[in-house]
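Worksheet: one structure, shown below.
Just so it is clear, none of the values below were taken in a lab; they were calculated from the coordinates. Since the model is a prediction, treat every value here as computed from it, not as a measurement. Here the Cβ is made from the backbone with ideal geometry for all residues, glycine too, and neighbour counts use every protein chain on show.
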Ligand code: HEC
């Protein structure tokens, strides 16, 4: 009997601890911590860099995986695909846009259209691995504009451009900057 009582007393702290744990688990389930109000805002440059990482990766993978098909007239080359997707995004009313640009373009519609685009493309002559950032006022609205070097990531970039009859430059080399990806983010909504 005495021994039994001793055992029961020894079990009390264990029981209390178990009840405490069960109560805490229950409290956590029933009273979730109220979500703190986070004062977070993304800088336009970080947004542009993130968009560019996705756009450039998609373009790279598309170019590698389809390099053998670009000679088929019916199959869109990486630059035609780039424009189709950017136009599809623009049609959804997003507050950013992106285009391909070059100082020596195959198509004149890809020549720089603003002073910032021109300065960005020119900056690659001395800083081929650095993006160019600026703010510009267009149509009465301020924009953050980023110009990223568009590099010949595959031999197919170089071959197609060098062979194209409308190309103003015929001696591109793999790894060379062929133009720029311009990403523009509206600063006024
Ligand atoms: C099979 C052909 C082909 C391949 C491959 C190709 N391009 Fe193009 N690229 C074009 C054509 C055609 C245009 C002009 C598109 C237009 O009419 O807007 C163009 C446009 C561009 C432009 C805009 C300036 C200009 O020349 O009009 C850049 C920059 C560019 N390409 C870079 C690249 C890079 C980098 C790659 C590889 C990742 C690549 N291209 C692969 C055919 C090609």
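Taking label points 7 Å from Cα along the Cα-to-Cβ direction, residue 123 and residue 164 give a separation of 2.4 nm. Directionally averaged projected area (the stretch 69-157, Cα convex hull): 7.1 nm².
Model label points for residue 33 and residue 66, set 7 angstrom from Cα along the Cα-to-Cβ axis, are 4.6 nm apart.
Roughly speaking, what is the stretch gain from residue 95 to residue 109, that is 0.36 nm per residue apart minus the C-alpha to C-alpha distance, in nm to one decimal? The partial results should precede the final answer.
Values: separation 14, 0.36 × 14 = 5.04 nm, distance 2.17 nm.
Roughly 2.9 nm would be gained on extension.
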